[in-house]
Amino acid sequence: MPYFLDGNNLIGRARKTSRPSEEDRAALVSELAERLRRTRARALLFFDGTGERNSALGSLSVRTSAGSSADDAIVREIERARAPGEIVVVTADRGLARRVRDLGAKTLGPDEFWNRVGGSEPPDDRGHGQRVDVEEWMRYFQDEDNRKR
């Protein structure tokens, strides 16, 4: 069962900001990739905006909305899905939750999602951790041996 993650919504909850920086996005990607690797869950993480954000880190794929909102991108993906009932959208946005449920997808709040993927709290390491090297993570997950673990 794949998760579709509302990235800015998760950052807002975890990092307590409505305007996420690239550092906030990188920290979220890093945390999610690690947690998903341990649980063997699969997820698509959607961000608002444009740029070279469409990438894959093991079982985590990152997508940008490119010209529309991440909410609209999530809805489009569910509309194209063969089995929308197998998709779980993680968001605290009630409007998005209603839209995806109308299409047959399931919804889950951010707190419950963090519980399912290995921790009761969302990551909030601002100022308390080391800087995330996204390129290093990308090299790591491009290695076939690392993806099999």
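Remark: spin-label model distance Ala26-Thr39 equals 2.5 nm, labels positioned 7 Å along the Cα→Cβ axis. With K and R counted +1 and D and E -1, the other residues having a Cβ less than 15 Å from that of Asp102 yield a net charge of +1.
In this rough spin-label picture, where each label sits 7 Å from Cα along the Cβ direction, the Gln142-Arg82 distance is 3.0 nm.
For Val62, the residues whose amide H sits under 5 Å from its own are Leu45, Ser55, Ala56, Leu57, ignoring neighbours fewer than 5 places away on the same chain, with H placed 1.01 Å from N.
Bear in mind these aren't lab numbers, they're just calculated from the coordinates by the rules spelled out. Quantities reported herein were computed from a predicted structural model and do not represent experimental measurements. Methodologically, a virtual Cβ is constructed for each residue, glycine included, from the backbone with ideal geometry; neighbour enumeration extends over all protein chains shown.
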